[in-house]
Structures are given as C-alpha cells and as structure tokens.
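**Student:** The structure's right below; bear with me while I get my questions together.
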Amino acid sequence: MNFSLNVFNYYNIFMKDLRLKVLRNERVGKHTYLMILELKEHIDIKPGHFVMIKPNDTFDPLNRRAFAIADVEYDSLYIYYDIVGKGTSIMSSLKEGDSVDTLMPLGNGLFEPSVDKLNIVLAGGIGISGVSLFCKLLKAKNLNFKVYYGARSKEHIVMLDWFEKYGIPIEIYTDDGSFGKKGFVTDALENLENANIYACGPTPMLKSVQAISKQKGFDSYISLENPMACGYGVCLGCVVKSKNGYIRTCVEGPVFKSDEVML
Ligand SMILES: Cc1cc2nc3c(=O)[nH]c(=O)nc-3n(C[C@H](O)[C@H](O)[C@H](O)COP(=O)(O)OP(=O)(O)OC[C@H]3O[C@@H](n4cnc5c(N)ncnc54)[C@H](O)[C@@H]3O)c2cc1C
Ligand code: FES
C-alpha cells in the first residue's frame, strides 16, 4: 500500500480536548437528532471542520465518533446526527446537563468559496449539516451562491428552520417527490455552466458529482464522511485512495478537490 502522507503532520496543534455540557439533545427528524453543546472558550471553527465525540465514558464504544460542526453561535456548538449504530444511539439518550468528551477543531481540507464564480452547494441526507456553516459564510460574505438539498422523502428533511433563520434560500429534491422537486439533488447541475461545486452527502451522490464535474469542467470539492477511529491522523483507519496514493480523510480532508480522490 502506498501512503502519500506526511507522518510528521499527524498532530493538529490547534486541536483541543474539551469536556462539553449538553445544552440540548432532541429529535428533529425521523432518524435525526440535534445536539447543542456549550462552548466556554473561543475556538476558531471554519466550514469543513469536524468534531470527534465520545458517546459515553466507558470503553464500549472505544472510539469517538466524527460529526460535522453544523453551526457555532455565541457559546453553542450545533451537531445534527442520524442514529445508525451503538455510538449514536447512546448519544441520543444524553440529557441536558450531561457532558461529553470532544476533540476539535479537526480537519485541514476545508471549504473555500469562490469570489468570482457562482458557488453551488449540494447536500444529500445528513450531509446538510456538513455544508450549513459554509452556507452561513457565503451569506455573510455576500457571495453568489445557491443551495440544493436532496433527501429520500419529506420525513428525512432536517435543518429547514436553521436555513430560514439565517435567510438562506434552499431548493429541495426528494427521491419520491414527497417534498420539493422529484429526483436526485445532482439534477440541479444539469443546466449549469461555470460554477464551483461544494458537496457533502452519501458516496453515490459524491461519485455523481465527480462524474458531472469531469464532464462539465467544474471545479468541485467534496466532503467525505469515512468511518474514523482517531480523527487526527494516527490510526490510518480513514484513508482514501488518491491520485498520489492513500491519504487520510481526517488530516488531508475531510474536504477534497473531487478529482483528487477515488471513491
Ligand atoms: C468528518 C465526518 C463528519 C461526519 N458528520 C456527521 C454528521 O454531521 N452527522 C451524522 O449523522 N453523521 C456524521 N458522520 C458519520 C458518523 O461519524 C457515523 O454515523 C457515526 O460514527 C456512527 O457511529 P455509531 O456508533 O452510531 O455507528 P457504528 O455502530 O459505528 O456503525 C453502524 C453502521 O454504520 C456504518 N458507519 C459507521 N460510520 C460510518 C460513516 N462515517 N459513514 C458511513 N457509514 C458508517 C457502519 O459500517 C455500520 O454499518 C460523519 C463522519 C465523518 C468522518
Ligand atoms: S481517523 Fe485515524 S488517521 Fe484518520
């Protein structure tokens, strides 16, 4: 196996290990919860950064779980998470006043907007929480952008209240047509020319973004959500094949230029 990683670059000097209080943890969708954690100090969080959360204080599960930082507001950090297994089930049982062990901010490959081209943001499923902070930045910088969000059906759509709160328009696609347009979110790219694409979502969606971008010559950036164990470069559990060998999603990513990685 050829690893193109810099072994001296594993340690993130800005990474903090913090015990954070749960301010809110509630169901906001069929399988989705919103967890708000209390931040007692300023942390420089940029779009694309993620946090590792230990669901409990035992050795089961052993590892922290990775989550996109969906928003940071005053002293609150927002995480939206789907329940898929043991760790996220345990997280869903946490109550206001409980606390969790976290590591953040993690990731070096981040979302960087284009100042002259149209910025197209594409989200699939829970990937919407991987692009929300980026949408907030695009809005704050008054850049030219559009947001498209695809979900399986109406009941899987989350964060609409968040987008409404920040006055960010969002166009929705559902696979079954139960809300918004019927179809895949990548259909939004059909009639587009000369745009930068920023995407977060399931692998089939990201593969489609790669293929369309290659065909149309878009500069596109995809945020990967590979399973992770450490989150800061030492376990090699998150590697992805790239043009130059294997690279770590947690350190070299999670956002990559779409033609750089092979999904
Ligand atoms: C950078 C990054 C950001 C992420 N952001 C979010 C987020 O904002 N919200 C969110 O809900 N999830 C997010 N994820 C995915 C999240 O980390 C996993 O869903 C979580 O670790 C599952 O933990 P678990 O213990 O509940 O499931 P486990 O018991 O570990 O696994 C249950 C099942 O899910 C599969 N699985 C586990 N992790 C992943 C994964 N990363 N991708 C696909 N399948 C997986 C396993 O193979 C298994 O089949 C992110 C992942 C990464 C790497
Ligand atoms: S999760 Fe350990 S190296 Fe990336």
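**Student:** For the stretch 80-112, what are the residues that are part of a helix (DSSP H, G or I) and closer than 21 Å to Thr249 by Cα?
**Tutor:** Within the stretch 80-112, Gly87, Thr88 meet the criteria.
**Student:** Shifting gears a bit: Which residue pairs have Cβ atoms closer than 9 Å, lie 6 or more positions apart in sequence or on different chains, and pair a first residue in the stretch 244-255 that is under 13 Å from Ala68 (Cβ atoms) and in contact (Cβ under 8 Å) with a residue 40 or more places away in the chain with a second residue that is more than 9 Å from ligand 2 (Cβ to nearest atom) and of a type in the set (Asp, Glu)?
**Tutor:** What qualifies is Pro254/Glu225; Val255/Glu112.
**Student:** Would you check if Glu171 is under 20 Å from the mean Cα position of the chain (by Cα) and within 16 Å of ligand 2 (Cβ to nearest atom)?
**Tutor:** Spelling it out, it is not the case that Glu171 is under 20 Å from the mean Cα position of the chain (by Cα) and within 16 Å of ligand 2 (Cβ to nearest atom).
**Student:** What single numbered condition from (1) in contact (Cβ under 8 Å) with a residue 40 or more places away in the chain; (2) open to solvent by 40 Å² or more (accessible area, probe 1.4 Å) fails to hold for Lys165?
**Tutor:** Lys165 satisfies every listed condition except (1).
**Student:** Here's a follow-up. Can you name the number of the only condition in (1) over 30 Å from Glu155 (Cα atoms); (2) among the acidic types (Asp, Glu); (3) out of contact with any helix residue (DSSP H, G or I) (no Cβ under 9 Å at 6 or more places or on another chain) that Asp187 fails?
**Tutor:** All conditions are met except number (1).
**Student:** Check Leu118, Leu138, Leu143 and return the single one that is crowded, with 17+ Cβ neighbours inside 10 Å and either in contact (Cβ under 8 Å) with a residue 12 or more places away in the chain or under 22 Å from Ile172 (Cβ atoms) (or both).
**Tutor:** Leu138
**Student:** How many residues are assigned to a helix (DSSP H, G or I) and over 21 Å from Asn226 (Cβ atoms) if we restrict to the stretch 113-142?
**Tutor:** Matching residues across the stretch 113-142 total 6.
**Student:** Name, by its number, the condition in (1) under 16 Å from the mean Cα position of the chain (by Cα); (2) closer than 30 Å to Glu193 by Cα that does not hold for Tyr80.
**Tutor:** Exception for Tyr80: condition (2).
**Student:** Also: Could you tell me whether any residue of the stretch 99-111 is modelled with pLDDT of 95 or more, of a type in the set (Gly, Ala, Ser) and more than 15 Å from ligand 1 (Cβ to nearest atom)?
**Tutor:** yes
**Student:** If I filter the stretch 50-61 for residues that are under 16 Å from Ile126 (Cα atoms) and either touching a helix residue (DSSP H, G or I) at 6+ places or on another chain (Cβ under 8 Å) or open to solvent by less than 60 Å² (accessible area, probe 1.4 Å) (or both), do I get at least one hit?
**Tutor:** The answer is yes; a qualifying residue exists.
**Student:** Give Leu77, Leu23 a once-over and let me know the one that is in a strand (DSSP E or B) and open to solvent by 30 Å² or more (accessible area, probe 1.4 Å).
**Tutor:** Leu23
**Student:** For the subset of the stretch 231-245 comprising residues that are within 20 Å of the chain's Cα centre (by Cα) and within 13 Å of Leu103 (Cβ to Cβ), which member is farthest from ligand 2 (Cβ to nearest atom)?
**Tutor:** Among those residues, the one meeting the criterion is Tyr232.
**Student:** Between Lys214, Lys207, which is among the basic types (Lys, Arg), under 21 Å from Ser129 (Cβ atoms) and more than 10 Å from ligand 2 (Cβ to nearest atom)?
**Tutor:** Just one listed residue meets the conditions, Lys207.
**Student:** Being among the polar types (S, T, N, Q), away from ligand 1 (no atom under 16 Å from the Cβ) and modelled with pLDDT under 95 is the filter here, so list the residues in the stretch 216-251 that pass it.
**Tutor:** Passing the criteria: only Asn244.
**Student:** Would the stretch 44-59 turn up any residue that is among the basic types (Lys, Arg), within 13 Å of ligand 1 (Cβ to nearest atom) and outside any strand (DSSP E or B)?
**Tutor:** Looking through the stretch 44-59, none of the residues is among the basic types (Lys, Arg), within 13 Å of ligand 1 (Cβ to nearest atom) and outside any strand (DSSP E or B).
**Student:** Another question, if that's okay. Please tell me if Tyr33 is of a type outside the set (Lys, Arg) and within 20 Å of Phe134 (Cβ to Cβ).
**Tutor:** Judged against the criteria, Tyr33 is not a match.
The values are calculated or read from the model by the stated rules, or taken from the named source; none is laboratory data. Just so you know, these numbers come straight off a predicted model, no measurement behind them. Ideal geometry is used to build each Cβ from the backbone, glycine not excepted, and the neighbour counts take in all protein chains shown. Keep in mind that these areas ignore ligands, DNA and RNA; they rest on the heavy atoms of the full protein, side chains included. Shrake-Rupley method; radii C 1.70, N 1.55, O 1.52, S 1.80 Å.
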